[in-house]
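> Following this message is one structure expressed as structure tokens.
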């Protein structure tokens, strides 16, 4: 039997939700597929299975440079398509989506975030409206993302298929059982609140650290651990110092095995301003953690409160079926020492409740274990059966 051939097209494999999905799909799709991963730049962090090809492109902010590298990438990808003759190209990220659409009629584009928030500019929005209906299919990670594309970008409903991000629950559980290094064990001797994600404006660890100041006033031994790196690291370090939290908040960077840290924490908190379908919440659930999340668009509500209106956003603490949702944060950046906003107060209140109510904590931990099974790679792979 001749194998079907898939090209995964993505800028890099170093960090992010799309990168993790490429990793999981390359590892999880059956060997009846020949898998080729085409990167714009040869930067790899996540594991993968298949042949790796780099287009050897540079990244630049200048408009003319973007056009130049787009055309260069398109030329190189077309040569690969001509040689490999793939049955499908699955593209991740706006630039990869666009290159893929121009390179092959067999391209599927993937929407991993609410595009109104990240591609709302005139040029990008116009390009999406003009060309993305020419793709073979548009894969959306959540219903909210799908509705956004239909309403605001004129993507045809029949083009869209909703497939959540997959995670390998069994693998995560195994990795979670590993011991921490001695220095880290000392931190986790205290009740730890944990967050994981890129240190960026949209992930909004800023509000979480401010809320932690109030949590610390109520629970003296509490610690906050944040896994990940990004452009806001220095800014967050200044905030931690200004609030006098240097001995209680730990920015531990990106870890090869974050799951052993998640496993030893007491509660996972997501403070994001926007998401698509956050893998970090699902990974924390696989580690059996209670989940508290800001009710941002989109993803957290569909994970923690399935069946509720995806357009609704919590105005108060919402004890949902599989976790706790809190109001989204004010986008304004306040002075470090300003009083907490109402949304920050609600987040602090929810965390204190979970840390001091063992029955609630145990119930939410069990609910996490139940819910995450719906996102296991074995179940999600079946949603890709149209590739067969």
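The values are calculated or read from the model by the stated rules, or taken from the named source; none is laboratory data. Worth saying up front: this structure is predicted, and the values here are computed from it rather than measured. Cβ placement follows ideal geometry from the backbone for every residue including glycine, while neighbour counts extend to all protein chains displayed.
> When you go through 362, 385, 338 one by one, which is the residue that is exposed (fewer than 15 other Cβ atoms within 10 Å of the Cβ) and under 26 Å from residue 26 (Cα atoms)?
385
> Of the residues 120, 93, which is surrounded by fewer than 17 Cβ atoms within 10 Å (Cβ to Cβ) and within 22 Å of the chain's Cα centre (by Cα)?
On inspection, the qualifying residue turns out to be 120.
> Conditions first: (1) out of contact with any strand residue (DSSP E or B) (no Cβ under 7 Å at 6 or more places or on another chain); (2) within 30 Å of residue 272 (Cα to Cα); (3) without any contact (Cβ under 8 Å) to a residue 40 or more places away in the chain; (4) crowded, with 16+ Cβ neighbours inside 10 Å. Residue 66 passes all but one, so which condition is the exception?
Checking residue 66 against (1) out of contact with any strand residue (DSSP E or B) (no Cβ under 7 Å at 6 or more places or on another chain); (2) within 30 Å of residue 272 (Cα to Cα); (3) without any contact (Cβ under 8 Å) to a residue 40 or more places away in the chain; (4) crowded, with 16+ Cβ neighbours inside 10 Å, the one that fails is (4).
> Here are some residues: 32, 104, 113, 54. Which one is in contact with a strand residue (DSSP E or B) (Cβ under 8 Å, 6 or more places away or on another chain), crowded, with 22+ Cβ neighbours inside 10 Å and more than 30 Å from residue 273 (Cα to Cα)?
104
> Considering region 228-241 alone, what residues qualify as being touching a strand residue (DSSP E or B) at 6+ places or on another chain (Cβ under 6 Å) and surrounded by fewer than 20 Cβ atoms within 10 Å (Cβ to Cβ)?
Of everything in region 228-241, just one residue is touching a strand residue (DSSP E or B) at 6+ places or on another chain (Cβ under 6 Å) and surrounded by fewer than 20 Cβ atoms within 10 Å (Cβ to Cβ), namely 229.
> Does residue 359 satisfy the criteria of being over 21 Å from the mean Cα position of the chain (by Cα), free of Cβ contacts under 8 Å to residues at least 12 places away in the same chain, in the same structural domain as residue 242 (by TED's automatic domain parsing) and farther than 25 Å from residue 223 by Cα?
no
> If you don't mind, another one. Any idea which residue in region 299-313 is nearest to residue 164 (Cα to Cα), counting only those that are in a loop (DSSP other than H, G, I, E, B) and touching a strand residue (DSSP E or B) at 6+ places or on another chain (Cβ under 8 Å)?
Among those residues, the one meeting the criterion is 305.
> I've got another one for you. Being in contact with a strand residue (DSSP E or B) (Cβ under 7 Å, 6 or more places away or on another chain) and either in a strand (DSSP E or B) or over 14 Å from residue 295 (Cβ atoms) (or both) is the filter here; which residues of region 314-348 pass it?
Result: 318, 324, 325, 326.
> Just to check your reading of the model, which residue among 314, 305 is over 15 Å from residue 346 (Cβ atoms) and either crowded, with 16+ Cβ neighbours inside 10 Å or under 14 Å from the mean Cα position of the chain (by Cα) (or both)?
Going through 314, 305 in turn, the sole match is 305.
> For the structure I just gave you, tell me whether residue 83 is modelled with pLDDT of 95 or more, surrounded by fewer than 17 Cβ atoms within 10 Å (Cβ to Cβ) and under 26 Å from residue 279 (Cα atoms).
Against the criterion (modelled with pLDDT of 95 or more, surrounded by fewer than 17 Cβ atoms within 10 Å (Cβ to Cβ) and under 26 Å from residue 279 (Cα atoms)), residue 83 does not qualify.
> Is it the case that residue 374 is out of contact with any helix residue (DSSP H, G or I) (no Cβ under 8 Å at 6 or more places or on another chain), outside any loop (DSSP other than H, G, I, E, B) and at pLDDT 95 or above?
So residue 374 passes the test.
> To continue, here is another question. Give 175, 208, 236 a once-over and let me know the one that is more than 18 Å from residue 337 (Cβ to Cβ) and in the same structural domain as residue 343 (by TED's automatic domain parsing).
Just one listed residue meets the conditions, 175.
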